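What follows is calculated from the coordinates using simple rules that are stated; it is not laboratory data. No experiment lies behind these values; they were computed from the predicted model shown. Here the Cβ positions follow ideal geometry from the backbone for every residue, glycine too, while neighbour counts run over all protein chains shown.
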Ligand SMILES: Cc1ncc(C[n+]2csc(CCOP(=O)(O)OP(=O)(O)O)c2C)c(N)n1
Ligand SMILES: [Mg+2]
């Protein structure tokens with residue numbers, strides 16, 4: 001069954017903290033019942049991701065980072081809201097736009113930056129790069145460069161959990177463009193048929209590279225695609241961290257308690273190009289301006305100040321902290337060693353297999 005879910009928009013002003021530490025109903029407006037500390041924590045994490053991505057873009061222009069590099073700029077509220085719906089033991093699969101997810105899933109920013117820099121201290125020992133972060137301990141099972149590649153794998157992980165009788169849930173993040181890949185449909189079909197504990201999340205930033213959703217999808221209300229598999233689907237405002245958290249938490253807990261899979265569509269705006277090398281010339285000035293107006297980090301900051309959760313100084317202090325953490329991540333990456341080329345194939349297979357049909361085992365790679 002398909003439906004949409006949106007939180008009511010800010011009605012209010014000047015929240016006050018109750019003695020129990022949450023924001024009081026009448027004065028709290030859109031933050032009623034929320035812990036002020038938690039709201040500050042969300043703002044900090046969203047800002048950290050923003051600063052991290054800005055430093056990643058800079059590192060790319062300095063040729064410190066090679067390969068492809070896609071940023072979460074403009075998607076910070078979606079990233080943080082989604083990750084706050086998961087337990088640390090839950091599993092996450094993402095597309096290649098995953099730096100923010102890695103940080104919000106609990107991986108130190110330094111290890112994420114080190115992966116971008118291709119250093120041994122990175123999440124994939126420097127061999128994965130921007131698109132292939134992986135950390136079993138944190139429950140991040142990749143980072144996939146093939147559009148839709150993660151969707152059947154996430155479904156398989158959910159089958160494994162179900163088979164073993166575990167209580168974990170799999171979250172499978174993807175972009176809007178991914179919903180036109182065959183594997184998306186195959187995976188949703190089997191997940192619904194077998195009622196697997198997986199929540200599919202479509203981050204609808206309204207662009208698949210330079211192509212808009214309405215030019216690529218016959219059904220551009222992407223959450224409705226769940227209906228084809230008799231799966232629950234809903235849409236949420238991806239610029240609203242609390243709305244994303246609440247919708248995702250509901251669907252994750254439903255999946256955990258045997259209620260089956262669901263599809264959540266989070267709509268937001270990509271602030272920059274598809275990847276760091278894309279000047280996004282296909283975008284109109286209007287659409288760029290619209291994206292700027294929708295900036296979830298700037299808007300959340302303004303809302304927190306308006307509701308009295310933080311004042312200007314406190315917000316700036318959180319921003320200084322986030323900047324320092326992003327800078328420290330860069331310093332950590334810069335100081336970390338490059339991998340030795342002889343380790344190139346060390347992590348490709350679980351057992352040693354020559355990775356080149358023309359070479360015999362133990363022949364030098366370079
Ligand atoms: C199977 C496959 N086809 C094409 C590509 C090239 N490609 C890389 S990203 C991308 C667009 C995907 O857009 P979307 O799913 O909306 O994700 P976003 O980049 O917006 O996060 C395409 C076509 C690819 N990586 N894999
Ligand atoms: Mg997209």
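Points to keep in mind about this one:
- Residue among 128, 33, 81 with the largest mean-square fluctuation in a Gaussian network model of the chain, springs linking Cα atoms under 10 Å: 33
- Within the listed set 100, 175, 166, the residue fluctuating most in the Gaussian network model of the chain (springs between alpha-carbon atoms under 10 angstrom) is 166.
- Prolate/oblate/rounded call for the range 42-193, Cα gyration tensor, a/c under 1.5 rounded: prolate
- With neighbour counts taken as other beta-carbon atoms within 10 Å, the residues 52, 184 rank, fewest first, as 184, 52.
- Spin-label proximity, residue 167 to the range 244-275 - amide N less than 12 Å from point 7 Å beyond Cα toward beta carbon: 256-258
- Fewest neighbouring Cβ atoms within 10 Å first, the residues 281, 215 line up as 281, 215.
- Computed label-point distance, nm, for sites residue 328 and residue 87 using a 7 Å Cα→Cβ extension: 2.9
- With contacts taken as Cα pairs under 8 Å at a separation of at least 6 residues, the chain carries a relative contact order of 23 percent.
- Helical runs (DSSP H, four residues minimum) scored at -39500 (n - 2.57) apiece and divided by the length of the chain put the mean residue ellipticity at 222 nm at -12000 deg cm²/dmol.
- Computed label-point distance, nm, for sites residue 218 and residue 340 using a 7 Å Cα→Cβ extension: 5.6
- Cα gyration tensor, the range 65-154 - rounded (a/c under 1.5), prolate or oblate: rounded
- Residue 348-residue 63 FRET efficiency (beta carbon distance; Förster radius 22 Å; 0.05 resolution): 0.25
- Taking N as its residue count, the alpha carbon Rg of the chain over 2.2 N^0.38 Å: 1.00
- Ranked for footprinting exposure by Cβ neighbours inside 10 Å, fewest first, 130, 316, 35, 284 give 284, 316, 35, 130.
- Separation in nanometres of the label points that stand 7 Å from Cα toward Cβ, at residue 41 and residue 286: 4.2
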